[in-house]
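Everything on this sheet refers to the single structure shown next.
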């Protein structure tokens, strides 16, 4: 915005310069024309109109230039994400006790000067993941004398409403370095209270981090900034201690394995004892079941033999009676069948002797007759005419009377 206003001011000066030159040329020409035709009414009218246009153009340019100059000289732009601090340069006013947000604010050039303070969240880190692997870590000595390198980050920001105090205390260019010094002081002391083994305990490490944050903010309060969090990402011990710790862990792992194997052996012995008890119980149960099965078999065999004896007695006593009864009934049945057959034959003979029977027999004889050709002598008066069907039937079948 400042550069824009400066360019606008220079453009206004150039415009005013050319406007003055054009106005001077117009005045000179008008003067010559007026001197030639001073007594002409139309010339005087055109001259007055031209002068009026020049005056209006000159006044407009002057007002526009004055407005741009006032805007450039009386207002200051505070960029986004920045806190503006205004200072009065004359009359002992000093720093104005107010923080200005981003935007345009009143401030006279020369009389006022402005300080830009970063209002965003800033970050101080040690060995953070976004940094190279060999970046400097925060080096801390533990309570039991070992050294540990911690990778962490501390986001912080200027306290709202105290940016002018930061400028007034002369911390504008040094507050970040002093924040880093305070962080190293507080965190080195707080993390130094932990023992080596406690660094592996997430709960104790988090508790130490939470306890360190209020203490750090008390240290940062005179700098008019506040830490928002302490973010621990990793920690590393010295190579010698790492090797020793690895050996300790291997020994602890071996101890756990040995203890586990011993516990497994004890449990295996219990399992073997239980299996032996199960086998003994199974054997006893098998013997008991076999005894019960044998007893049931003996009892069943005895019941079967008794049933067989009863069956044999029944067979011997009842079979003869049944045989004789069977033979008697068969004889009676055969006699009845013979009588019925005789009745049937007599009935058939009687039926065949009747007129209907004779006709039936004649019909059956006619059905069974297979005469391919019959030759009759037409000259024999005993042979009936083929036209006399009754006589022909009587000849072939016989008289039905």
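The values are calculated or read from the model by the stated rules, or taken from the named source; none is laboratory data. Everything numeric here is computed off the predicted structure, so don't read it as measured data. Note that each Cβ is placed from the backbone with ideal geometry, even for glycine, and that neighbours are counted across all protein chains shown.
Quick one: count up the residues across region 161-185 that are in contact (Cβ under 8 Å) with a residue 40 or more places away in the chain and either part of a helix (DSSP H, G or I) or touching a strand residue (DSSP E or B) at 6+ places or on another chain (Cβ under 7 Å) (or both).
Residues meeting the conditions: 16.
Kindly indicate the residue of region 186-198 that is loosely packed, with under 15 Cβ neighbours inside 10 Å and touching a strand residue (DSSP E or B) at 6+ places or on another chain (Cβ under 6 Å) and also farthest from residue 121 (Cα to Cα) among those meeting that condition.
Ranking the candidates gives 192 first.
Of everything in region 126-156, what is at pLDDT 85 or above and under 35 Å from the mean Cα position of the chain (by Cα)? Give them in sequence order.
Scanning region 126-156 gives 151, 152, 153, 154, 155.
Yes/no per residue for (1) exposed (fewer than 13 other Cβ atoms within 10 Å of the Cβ); (2) under 30 Å from residue 161 (Cβ atoms); (3) in contact with a strand residue (DSSP E or B) (Cβ under 7 Å, 6 or more places away or on another chain):
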residue: 203; (1), (2), (3): yes, no, no
residue: 206; (1), (2), (3): yes, no, no
residue: 209; (1), (2), (3): no, yes, yes
residue: 214; (1), (2), (3): yes, yes, no
residue: 225; (1), (2), (3): no, yes, yes
residue: 282; (1), (2), (3): yes, no, no
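Which condition number does residue 124 fail, the rest of (1) exposed (fewer than 13 other Cβ atoms within 10 Å of the Cβ); (2) touching a residue at least 40 places away in the same chain (Cβ under 8 Å) being met?
The number of the failed condition is (1).
Based on this model, can you work out whether residue 211 counts as at pLDDT 90 or above, closer than 27 Å to residue 249 by Cα and part of a helix (DSSP H, G or I)?
So residue 211 does not fit the description; no.
Look at region 186-208 and say how many of its residues are in contact with a helix residue (DSSP H, G or I) (Cβ under 8 Å, 6 or more places away or on another chain) and assigned to a helix (DSSP H, G or I). Walk me through it before giving the result.
To start, the set of residues in region 186-208 that are in contact with a helix residue (DSSP H, G or I) (Cβ under 8 Å, 6 or more places away or on another chain) comprises 186-187, 190-191, 193-194, 196, 198-199, 204-205, 208.
Cutting the leftovers down to assigned to a helix (DSSP H, G or I) gives us 186-187, 190-191, 198-199, 204-205, 208.
Number of matching residues: 9.
What is the one condition in (1) touching a helix residue (DSSP H, G or I) at 6+ places or on another chain (Cβ under 7 Å); (2) at pLDDT 85 or above; (3) more than 18 Å from residue 231 (Cα to Cα) that residue 164 does not satisfy?
So the condition that residue 164 fails would be (1).
Quick check on my filter: what residues within region 170-185 are in contact with a helix residue (DSSP H, G or I) (Cβ under 8 Å, 6 or more places away or on another chain) and either more than 30 Å from residue 143 (Cα to Cα) or surrounded by 16 or more Cβ atoms within 10 Å (Cβ to Cβ) (or both)? Explain how you work it out, then say what you get.
Applying the first criterion (in contact with a helix residue (DSSP H, G or I) (Cβ under 8 Å, 6 or more places away or on another chain)) to region 170-185 yields 171-172, 175, 178-179, 182-183, 185.
Hits for region 170-185 are 171, 172, 175, 179, 182, 183.
State whether one or more residues within region 270-279 are surrounded by 12 or more Cβ atoms within 10 Å (Cβ to Cβ), at negative phi and out of contact with any strand residue (DSSP E or B) (no Cβ under 7 Å at 6 or more places or on another chain).
Looking through region 270-279, none of the residues is surrounded by 12 or more Cβ atoms within 10 Å (Cβ to Cβ), at negative phi and out of contact with any strand residue (DSSP E or B) (no Cβ under 7 Å at 6 or more places or on another chain).
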